[in-house]
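Below: one structure, written as structure tokens.
The values are calculated or read from the model by the stated rules, or taken from the named source; none is laboratory data. Worth saying up front: this structure is predicted, and the values here are computed from it rather than measured. Counting neighbours? That spans all protein chains shown, and the Cβs are built from the backbone with ideal geometry, glycine included. To get the accessible areas, we keep the full protein, side chains included, count just its heavy atoms, and leave off ligands, DNA and RNA. Shrake-Rupley method; radii C 1.70, N 1.55, O 1.52, S 1.80 Å.
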Amino acid sequence: MAFRVGVLISGEGSNLQALLDQVHGRDGVEVACVASSRAGSRGLERAAAAGVETAVFARADHASRDARDAALGDWLDDRRVDLVVLAGFMEILGAPFIRRFEGRLINVHPSLLPAFPGVCAIEQALDYGVKVSGVTVHFVDEGIDTGPVVLQEAFDLPYACAVEDVERLTHEVEHRLLPRAVRLIAAGAVSRDPSNPRLVRVEGE
Ligand code: GRF
């Protein structure tokens, strides 16, 4: 039986595209469904072009955030997803949703966590003047970008570079790190250390 991945997006969906190109329909892994917090987002077009089912779960269409989260959770469970990937999902998910998908919910973040969590991570890193930046794929817990790290990759930052240059470098890394993380999880190569839940063991890494 296929390993089924649900992807949550808000906008461009270039990380979704990387999953569609590199993971979907290979080695028993399928992007089963894509949900966006915004109607009309480019990522929804990418999913539709790949023949993947889509839906919109906008906060404004529901009585509360918890109601939106519950409807989204039901939709994902109805599609029997094994893993939920936050790939540029620009909204906070409440604790009940996070607990519901605990251990099968990951996020890609454009910094070397724990540096620069939250929004505008690339701008934060540039303002700080760091020499090294990177990408983190992590399990999601109830904090902002605080969950256990699955994979990280660093790269050097050129002197005085523009935000757009760092965004490009970051995306290049994201587009190989996130598919790799999903492939490893689908293959059963990723496990949490029961004696220290911060520690994620990745076989073959
Ligand atoms: C990525 O940089 C990701 O790290 C962050 O949001 C951005 C989404 O980009 N969480 P895209 O929509 O996948 O192009």
Task: Selection within the stretch 114-130 - open to solvent by 30 Å² or more (accessible area, probe 1.4 Å), within 12 Å of the ligand (Cβ to nearest atom) and among the aliphatic types (A, V, I, L, M) - done: V119
- [ ] Take D141 and decide whether it is more than 12 Å from the ligand (Cβ to nearest atom) and open to solvent by 60 Å² or more (accessible area, probe 1.4 Å).
- [x] no
Task: Candidates R26, R100 - the one that is under 26 Å from T170 (Cβ atoms), among the basic types (K, R) and open to solvent by 10 Å² or more (accessible area, probe 1.4 Å) - done: R26
- [ ] Using the structure shown, decide if F139 is outside the structural domain of A18 (by TED's automatic domain parsing), within 18 Å of the chain's Cα centre (by Cα) and among the aromatic types (F, W, Y).
- [x] yes
Open item on the list: Quick test of your reading of the structure: I106 fulfils all but one of (1) surrounded by fewer than 20 Cβ atoms within 10 Å (Cβ to Cβ); (2) in contact (Cβ under 8 Å) with a residue 24 or more places away in the chain. Name the failing condition by number.
Closed with: (1)
TODO: Quick one: which residue in F139, F155, F116 is in contact with a helix residue (DSSP H, G or I) (Cβ under 8 Å, 6 or more places away or on another chain) and either more than 26 Å from I98 (Cα to Cα) or in contact (Cβ under 8 Å) with a residue 40 or more places away in the chain (or both)?
DONE: F155
Task: Residue check for L151: surrounded by 14 or more Cβ atoms within 10 Å (Cβ to Cβ), within 11 Å of the ligand (Cβ to nearest atom), under 21 Å from S191 (Cβ atoms) and of a type outside the set (G, A, S) - done: no
TODO: Looking only at the stretch 75-103, count how many residues are touching a strand residue (DSSP E or B) at 6+ places or on another chain (Cβ under 7 Å) and without any contact (Cβ under 8 Å) to a residue 12 or more places away in the chain.
DONE: 0
Open item on the list: Just to confirm my filter: which helices (runs of 4 or more DSSP H) fall fully inside the stretch 1-113 and include at least 3 residues that are within 16 Å of the ligand (Cβ to nearest atom)?
Closed with: 14-22, 42-49
Task: So D165, is it free of Cβ contacts under 8 Å to residues at least 60 places away in the same chain, touching a Gly at 6+ places or on another chain (Cβ under 8 Å), open to solvent by less than 80 Å² (accessible area, probe 1.4 Å) and not hydrophobic (A, V, I, L, M, F, W, C) - done: no
- [ ] Within the stretch 87-98, count every residue that is over 15 Å from A58 (Cα atoms) and either assigned by TED's automatic domain parsing to the domain that holds G143 or of a type in the set (A, V, I, L, M) (or both).
- [x] 3
- [ ] With respect to V182, determine if the residue is crowded, with 18+ Cβ neighbours inside 10 Å, touching a Phe, Trp or Tyr at 6+ places or on another chain (Cβ under 8 Å) and not assigned by TED's automatic domain parsing to the domain that holds D21.
- [x] no
